[in-house]
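A short write-up of the structure that comes next.
The values are calculated or read from the model by the stated rules, or taken from the named source; none is laboratory data. Owing to the predicted nature of the structure, the values given are computational and were not obtained by experimental measurement. Note that we place each Cβ from the backbone using ideal geometry, even for glycine, and neighbour counts take in every protein chain shown. Side chains are part of the model used for accessible areas, which takes the heavy atoms of the whole protein and leaves out ligands, DNA and RNA. Shrake-Rupley method; radii C 1.70, N 1.55, O 1.52, S 1.80 Å.
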Amino acid sequence: MEFSLKNIIPLSQARANLSELADQAKAGAEKIITKNGESYVALIDAQRLDYYHRLEREHIHLLLIDEINAGVDDVDAGHIKDARTAIKSMIRRRKT
């Protein structure tokens, strides 16, 4: 989402107009609140924040599925080791 200058608000102005800004955010106008001229926090609708969090979880799940597929491909290709042998090897390496 692109931000216009009207959606970038100094903290001092946000304090004075919080109720109005919250109404605008609820209507879909995300706000960036600045402090000392730099981005500080965002003001967005709670449902949209929940949506963003769900998207992030879905992305993590897709990455995990990719890792699982890579593991299955390794097994199919015969790139496997006995767990006991692998653990013993790791213990030996740690001792050195």
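In the stretch 1-94, counting only strands (runs of 3 or more DSSP E) that sit wholly within it, the ones holding 3 or more residues that are touching a residue at least 24 places away in the same chain (Cβ under 8 Å) span 8-10, 31-35. With respect to Ile68, is the statement that it is open to solvent by less than 100 Å² (accessible area, probe 1.4 Å), out of contact with any Asp or Glu (no Cβ under 9 Å at 6 or more places or on another chain) and not hydroxyl-bearing (Ser, Thr, Tyr) true? No; evaluated as a whole, the condition is false for this residue.
Candidates Ala86, Ala46, Ala42, Ala25: the one that is more than 30 Å from Lys6 (Cβ to Cβ), small (Gly, Ala, Ser) and open to solvent by less than 90 Å² (accessible area, probe 1.4 Å) is Ala86.
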